[in-house]
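Accompanying notes for the structure given below.
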Amino acid sequence: MRLHFRDIITSHDTQNTKHEVHTSHWPLITSCFSLTSHFLISLSLAHKNMQLLHVPSSFCLSFQNVKTHEEAGLPSYEKTLQLSSAICCSLQQQRPERSKWASRRGSALSSFTAKAASLEDVAGAPAISKGAAESDVLKALSQIIDPDFGTDIVSCGFVKDLDINEALGEVSFRLELTTPACPIKDMFEQKANEVVNLLPWVKNVSVTMSAQPARPIYAEQLPAGLQTISNIIAVSSCKGGVGKSTVAVNLAYTLAGMGARVGIFDADVYGPSLPTMVSPENRILVMNPEKKTIIPTEYLGVKLVSFGFAGQGRAVMRGPMVSGVINQLLTTTEWGELDYLVVDMPPGTGDIQLTLCQVVPLTAAVIVTTPQKLAFIDVAKGVRMFSKLKVPCVAVVENMSHFDADGKRYYPFGRGSGSQVVEQFGIPNLFDLPIRPTLSASGDSGTPEVVADPLGEVSKTFQDIGICVVQQCAKIRQQVSTAVTYDKSIKAIRVKVPDSDEAFLLHPATVRRNDRSAQSVDEWTGEQKLQFADVPEDIEPEEIRPMGNYAVSITWPDGFSQIAPYDQLQTIERLVDVPQQVPSQAS
């Protein structure tokens with residue numbers, strides 16, 4: 001035994017050289033270490049500074065880290081006993097064949113040291129606190145940027161119901177998006193899983209997706225039927241025969257296919273198109289006798305209201321009567337919660353269109369045209385009307401723009417009407433719809449084209465239009481909700497009007513003194529009823545709420561509610577000398 005141990009254990013030298021065991025000694029080493037731990041103890045007592053350096057390299061690293069009894073505070077024989085026990089266990093559990101030892105040494109070393117490091121981390125790492133865990137998760141999720149808002153999803157308020165089990169390493173939360181039709185909701189879910197799973201203490205992640213409840217930006221002064229509709233989209237052409245109703249219906253069913261709750265309102269009383277383009281089982285609108293409200297009919301999950309479903313056919317009546325009928329149909333219908341209500345506007349820019357735009361807080365408009373120059377002239381009138389009413393036009397659809405035959409593309413009505421609208425009025429998106437017999441036929445068959453052929457070329461174009469509408473509506477809502485805010489830290493009203501890069505500050509007292517309502521200014525004489533001294537210099541607004549796309553409602557401490565249009569706010573004297581700013585507390 002002494003002969004073999006001489007090859008295994010030698011006195012400490014100044015070079016700390018190491019000699020590996022020859023493979024022929026393996027069986028003997030195993031039996032020696034399993035039978036002679038007391039020998040090692042006595043050997044350690046005799047040679048205080050001796051190290052076990054002549055074992056296979058798979059064990060050398062662990063032995064190099066053994067401290068002497070002066071460093072570790074333990075008797076060296078206890079350390080030696082621990083080492084001998086560890087070696088014996090390892091040798092008994094790992095008995096490779098001689099021919100394979102050389103190739104296995106590297107992998108054995110990696111496995112052994114990795115396991116040791118892992119056990120050391122688990123034993124030594126303190127349990128993460130709940131506050132630190134929540135901070136880690138939110139910091140990880142803040143890496144995900146919403147491309148529409150340009151802000152991370154944590155700042156946008158999308159992260160809800162965060163629940164963390166630190167002991168088990170489990171994280172669950174809900175992402176509440178602005179609309180169920182969000183085109184990148186799958187990307188959000190995937191990225192959220194990825195970034196949270198990268199946290200070292202996380203073992204399991206559960207992400208659920210939801211959407212905010214349907215509600216308009218400003219609901220208090222709206223008719224009851226419209227208070228649970230998030231976005232109202234006008235599809236307009238201001239000219240008949242260009243395919244406006246076709247675009248409205250197919251857009252509505254595209255949004256429904258994206259997961260949104262959708263309704264269609266056919267605002268054309270003289271010639272309603274909706275009864276021809278869809279085929280609901282119940283083709284007559286029903287009145288709720290108790291509430292005196294209209295119950296819409298449905299087709300494939302989309303709610304429908306049209307004068308054609310009122311059992312009257314096409315109306316013969318004067319303009320004021322038509323406006324009254326449209327107002328009643330739209331505002332007394334039990335729409336329920338809708339993400340999008342698509343309004344198929346009647347042709348023209350007259351009283352009916354103005355009534356609709358004033359009664360209904362339109363979120364945005366989609367303009368439909370054809371390539372002819374005459375169509376552009378009429379469409380331009382409609383775009384100007386929407387501009388005056390502060391309704392942003394988010395897309396132009398050029399219908400019947402081309403057809404393909406014999407490998408070539410033909411433009412029978414010329415080119416340029418749609419692009420001219422985009423260039424002249426700065427509308428950001430242009431879409432082309434081809435001349436397709438199936439598209440025309442679907443309008444007469446009662447089944448929309450996007451439903452009849454969901455994978456066709458026309459459906460893909462409408463999918464792009466739907467994504468554009470969803471994204472633009474989200475941007476508009478975000479801009480409107482933050483257009484006018486009050487910063488308590490500097491006691492100033494911040495203004496950044498939508499579609500404007502200019503931001504400025506107003507003094508609250510100045511805004512209050514510039515009220516132009518009948519309570520502040522005599523409607524007949526123009527005499528100023530509200531005097532300068534009537535408004536205290538230190539007045540602060542209690543609440544600022546958006547009103548559609550054109551104004552805000554400001555509630556003051558005396559209970560007065562001031563309607564402040566963006567146009568008026570831009571003309572008020574601005575603050576130049578601003579107090580030292582502290583972290584924003586905008587409300």
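The values are calculated or read from the model by the stated rules, or taken from the named source; none is laboratory data. From a predicted model like this one, the values you see are computed outputs, not experimental measurements. Note: ideal-geometry Cβ built from the backbone for every residue, glycine included; neighbour counts use all protein chains shown. Just so you know, the surface numbers come from the protein's heavy atoms only, side chains and all, with ligands and any DNA or RNA stripped out. Shrake-Rupley method; radii C 1.70, N 1.55, O 1.52, S 1.80 Å.
Any number yet on Rg/Rh for the range 468-517, C-alpha, Kirkwood? Walk me through the numbers before you get to the answer.
Working: Rg = 13.5 Å, Rh = 12.3 Å.
Reported Rg/Rh (Cα atoms, Kirkwood Rh): 1.09.
Cross-link list K130/K203; K303/K390; K160/K460: which exceed 24 angstrom alpha carbon to alpha carbon? Mind dumping the intermediate values first?
Working: K130/K203 15 Å; K303/K390 27 Å; K160/K460 33 Å.
In this structure, K303/K390; K160/K460 exceed 24 Å between Cα atoms.
How would M187, M547 rank on accessible area, largest to smallest, probe 1.4 Å?
Working: M187 70, M547 20 Å².
Ranked from most to least accessible, the order is M187, M547.
Rank-order 134-140, 368-374, 227-233 by packing density, defined as the average count of other C-beta atoms within 10 Å over each peptide's residues, highest first. Please report the intermediate quantities before stating the final value.
On the way: 134-140: 16.6, 368-374: 20.0, 227-233: 22.7.
Sorting 134-140, 368-374, 227-233 by mean packing, highest first, produces 227-233, 368-374, 134-140.
Read phi for every residue in the range 274-285 and hand back ³J(HN,Hα) as whole Hz from Karplus 6.51 cos²θ - 1.76 cosθ + 1.60, θ = phi - 60°, with x for Gly and Pro.
For the range 274-285, the Karplus-derived couplings read 4, x, 7, 8, 10, 10, x, 5, 9, 9, 10, 5 Hz, x marking Gly and Pro.
So for each of 487-494, 500-507 I average, over its residues, the number of other beta carbons within 10 Å; can you give me the resulting order with the highest mean first? Display every interim value, and only then the final one.
Numbers: 487-494: 17.6, 500-507: 13.1.
In descending order of packing, they fall as 487-494, 500-507.
In nm, what is the difference between 0.36 nm times the number of residues separating D577 and R516 and their Cα-Cα distance?
Working: separation 61, 0.36 × 61 = 21.96 nm, distance 2.60 nm.
That pair, D577 and R516, stretches by 19.4 nm at full extension.
Between V359 and K130, with labels modelled 7 Å along Cα→Cβ, what's the label distance in nm to one decimal, could you check?
Rounded to a tenth, the inter-label distance reads 5.3 nm.
Rounded to whole Hz and in sequence order, give me ³J(HN,Hα) for the range 470-486 from the Karplus expression 6.51 cos²θ - 1.76 cosθ + 1.60, θ = phi - 60°, writing x for Gly and Pro.
The phi angles translate into 4, 5, 5, 5, 4, 5, 4, 4, 5, 5, 5, 5, 10, 5, 10, 9, 10 Hz.
For D558 and A503, what is the calculated FRET efficiency with R₀ set at 41 Å and r taken between the beta-carbons, to the nearest 0.05?
On the way: r = 28 Å, r/R0 = 0.69.
Computed FRET efficiency for D558 and A503: 0.90.
Stretched out fully, how many nm does the piece from I295 to D163 gain, at 0.36 nm a residue minus the Cα gap?
Working: separation 132, 0.36 × 132 = 47.52 nm, distance 4.08 nm.
Taking 0.36 nm per residue and subtracting the Cα distance, the gain is 43.4 nm.
What are the ³J(HN,Hα) couplings of the range 157-172, residue after residue, when phi is run through the Karplus curve with 6.51, -1.76, 1.60 and θ = phi - 60°? Round to Hz, x for glycine and proline.
x, 7, 7, 10, 6, 6, 10, 10, 10, 5, 5, 8, x, 9, 10, 9
For q = 0.12, 0.20 Å⁻¹, what log10 I(q)/I(0) does the range 317-406 give under the Debye formula with an equal point scatterer on each alpha carbon and no solvent?
Per q value, in the given order, log10 I(q)/I(0) is -0.46, -1.06.
Once you compute Rg and the Kirkwood Rh from C-alpha atoms, what is the Rg to Rh ratio for the range 126-282? Walk me through the intermediate numbers first.
On the way: Rg = 21.5 Å, Rh = 18.8 Å.
We get a ratio of 1.14 for the range 126-282.
Taking the Cα-to-Cβ direction at Q528 and at E189 and moving 7 Å from each Cα, how far apart do the two end points lie in nm?
5.9 nm
If packing is taken as the average count of other Cβ atoms within 10 Å, what order do 442-451, 560-569, 199-208 fall into, highest mean first? Don't skip to the end; give the middle numbers.
Numbers: 442-451: 19.7, 560-569: 16.9, 199-208: 14.4.
Listed from highest to lowest mean packing, they are 442-451, 560-569, 199-208.
Of K185/K381; K239/K291; K139/K475; K381/K475, which ones are farther than 28 Å apart at the Cα? Display every interim value, and only then the final one.
Values: K185/K381 37 Å; K239/K291 37 Å; K139/K475 24 Å; K381/K475 25 Å.
With Cα atoms farther than 28 Å apart: K185/K381; K239/K291.
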